[in-house]
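First comes the structure, then the notes that go with it.
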Amino acid sequence: MQNIIKRDGSVVKFDRSKISRAIYKAMLSSKNGSFEDAEKITDVVVEKISTIESPTVEQIQDAVENALMDYNKDGKNFKDVARSYILYREKRRLIREEKKRLGINDDLKLTLNAVKVLETRYLLKNQKGEVVETPRGLFRRVAHAMALVESLYDYMGKQSDVPKDRLIIAHIDENDRNQLKFMFERLLRENAIGGNFQEFINYVETKPTSIKYYEEEFELAMENLEFIPNSPTLMNAGTDMGQLSACFVLPVGDSIDEIFDTLKNTAKIHKSGGGTGFSFSRLRPKDDRVKSTMGVASGPVSFMKIFDVTTDVIKQGGKRRGANMAVLRYDHPDIIEFVTSKDPENTVLSNFNISVGVDAGFFRALDDDSFIELKNPRSGEVSSRIKARFLWDKIVDSAWRTGDPGMIFLDEINDKNTVQNIGSIEATNPCGEQPLMPYESCNLGSINLGKFVRNNDVDWNALEHIIRLSVRFLDNVVDANVYPIPEIESMTRKTRKIGLGVMGFADMLMKLRIPYASNAALSMGEKIMSFIQNVSHEESENLAKIKGVFPGWEGSYWSGLNRKMRNSTTTTIAPTGTISIIAGCSSSIEPIFALAFVRRVLDGQELLEVNPVFEDILREKGLYSPELMAKISVDGTVSDTNLPSDLKELFRTSREISYEWHILMQATFQNYCDSGVSKTINMPNSATREDIERAYRLARDLHCKGITIYRDGSKTAQVLYAGNTGSNVVPKVEKPDIDFIISDLNSLKIDSTFDPACPGGVCER
């Protein structure tokens, strides 16, 4: 017997070890049997199917079931192991059915939740709305689009260090020609390339280039779920849309024409899948005189509501709702109205996160118990004064009640602005991780850290390789991008900002047996992020030698160091909401938000989902059981179980970790990050206003660039909730017929696209 036939009809080599591992896994789950027993049963299975020339997967699994039912050792049967195997097999069948119902050919064996997200938002569809792309096809499309960029630099004689035997003549189709023409003509306008397009195409079609090499490298990184770019790149790369950036900041000027020009540009960005940030600090205050009409102004908050309604009716790329960040300086006359504009029901400005822009002047006034002068941005005149403490109390109270506003520390941001020679920063993208100048955009992507734990240690060599590859990928996005308006194209290409971040950090810590709320975790965070920062800077320098420095380099922070860089920034810690679902890992640098929970699928059936790292550790220690998982699913934690104390510490969830640890972790990553860090500072419902006040102060003291807190239950439309009735009573769990189907349980329910890295799960990055 050489081959087996898979369910899709493809033929692969027979691998005996897969049978023994599956049997052993069922034995660990049942706490019955050894690996030696698994090998003996595998011998029986192989003998039974040896008469079939090319058995199917189903025939092999049937043989395993029968062998387990018949196996007897010293008078002890293995029917409980057979049951565990059958249950797992049934679970996989249900998941396959659900994927089939979604119309997905899952050629990468992703999680069901990943497939659901891909089907909803990312996989290409035809005019009838039918999916026409597989997950592997998606990654290949994106990889190919990014690899095409390399041919432009090959043509200019800026050949990379690709091995000569990997340089081959690439096949170029009509879609490739169109993309290459677009990029070539832009470089021609920028005087960065010579010749004409036909000469370039002749070169690409007749000379070996690095297209195929980088296509394979990029595709492999994504298929292995080691690196995933931001959502617009996955959605739009290689398509007519072509807009690949996630983050934008647009200016809001103090005239009707400027405001509505920005509104129009916002609609374009949301349609393409991006999110927008604004500072409304230039707008004249409410009731200020408007000379042209002899009327009075309505103020920033009223215009924010117009932006909010527009966002509400435009679905990003037809795939997800828009998201906005509004910033208002603390010394704007309408600051109190702004701070108190959100409500717990999230019915007002529901498409906005809001943040107060503060600096050292605000904190000096607060510490001195003195006044803040509120200045009319139109005239610069002081319109009134308020006590700093009064504003501070309003900020803290509103954050306690609604989760908004956050704070961004404008002086901290601009002190670290690497391109102060070009302009200052007044706002961030919707989740706060990307401070940007007006008209700037940024391209993000994240490394799945959990993939780099091997043999109980970090594989630093493998991590270095993926960092370097990711930097090149994201830099290519800047060249391939179809920008929504010329001003954004000009500014983005001038600074060439990229934002390489991480996800799966909590998974990494659990694999290394390091509790999140510990000094060891802070140390590991420091090691990881400083490594990523240093290697990404080195790679940007390498790219600058090959492809040139970013156009705004002269006079920048980097020119002061005489360090030639391809990108003005290389690192950002984004929330990674949906891309971490695709990767099947924990979100960003957040702790695990739930260890086990119930997800509704298959027209009302419910599947118990368990964090895979958590499950592996429990199975390894012989502690896993269906009953335990059902109990944990009540609130997603192990606090009310009999697990050992060291495991309870290791498996603490985000809601069980104090805000001090959250902020310490944010500050640790911020210390080695060019841009910002998106981090939700989770607090229990019992948190006080004094806790929120201390959290804001601590973030400021530790040089974070901003802070967002979320007190559990402060939004009535919270995505993450426990139980059908809100009760925390642990259900009585009889031995279920199928351990992964939970019916009528008062269990934790999770929305498919819940993003724990943003307050209330509302940020879709």
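Some points to look at:
- Formal net charge of residues neighbouring Gln670 (Cβ-Cβ distance under 13 Å; K, R +1; D, E -1): -2
- Global geometry of region 48-114, whether rounded, prolate or oblate, following the gyration tensor of its Cα atoms and the 1.5 cut on a/c: oblate
- Normalising the Debye intensity of region 443-580 to I(0), with uniform scatterers on Cα atoms only, and taking log10 at q = 0.10, 0.14 Å⁻¹ returns -0.37, -0.69.
- The fraction of Cα-Cα pairs per 10 angstrom bin, counted from 0 for the chain, comes to 3, 13, 22, 25, 19, 12, 5, 2, 0, 0 percent, rounded to whole percents.
- Fewest-first ordering of His537, His465 by other beta carbons within 10 Å of each residue's beta carbon gives His465, His537.
- Violating pairs (Cα-Cα greater than 24 angstrom) within the set Lys31/Lys73; Lys40/Lys79; Lys25/Lys116; Lys25/Lys511; Lys6/Lys99: Lys25/Lys116
- Full extension of the chain between Lys648 and Val44 gives 213.4 nm of extra length, using 0.36 nm per residue less the Cα-Cα distance.
- Cα-only radius of gyration and Dmax that characterise region 480-530, units Å: 18.0, 50
- The H on the amide N of Ile354, modeled in the peptide plane, is under 5 Å from the matching H of Ala326, Gly406, each at least 5 residues off or on a different chain.
- Proxy reagent accessibility, fewest Cβ within 10 Å first, across Trp553, Trp661: Trp661, Trp553
- For region 398-514, a Kirkwood radius taken over Cα pairs fed into Stokes-Einstein (37 °C, viscosity 0.692 mPa s) yields D = 196 µm²/s.
- Shape of region 387-429 from the C-alpha gyration tensor: prolate (a/c of 1.5 or more and a/b above b/c, with a ≥ b ≥ c the square roots of its eigenvalues).
- Shape annotation for region 52-191: C-alpha extents along the principal axes are 82, 42, 27 Å, from largest to smallest.
- Dipole axis of region 135-223 (+1 Lys, Arg; -1 Asp, Glu on Cβ), positive-most option in Asn178, Tyr213, Gly157: Asn178
- Taking the DSSP beta bridges with both ends in region 443-580, the antiparallel portion is around 20 percent.
- Prolate/oblate/rounded call for region 346-399, Cα gyration tensor, a/c under 1.5 rounded: oblate
- Put in order of Cβ neighbour count within 10 Å, fewest first, the listed residues Met304, Met156 become Met156, Met304.
- Rg in Å to one decimal, and Dmax rounded to a whole Å, for region 3-101 via C-alpha atoms: 13.7, 46
- Of all beta bridges that DSSP places with both ends in the chain, some 50 percent have antiparallel geometry.
- Kyte-Doolittle mean at least -1.0 and Cα axial length at least 24 Å: DSSP H helices in the chain: 135-155, 460-480, 519-547
- Taking every DSSP helix (H) stretch of at least 4 residues in the chain, weighting each as -39,500 (n - 2.57) and dividing the sum by the residue count yields a mean residue ellipticity at 222 nm of -13500 deg cm²/dmol.
- Volume of the Cα convex hull of region 247-415, divided per residue and given in Å³: 115 Å³
- Long-range Cα-Cα pairs in region 135-223 (distance over 14 Å), rounded percent: 63 percent
Every number in this text was worked out from the coordinates using simple rules, so none of it is lab data. Just so we're clear, the structure is a prediction, and the values are computed from it rather than from any experiment. Reconstructed Cβ throughout: ideal geometry from the backbone, glycine too, with neighbour counts over all protein chains shown.
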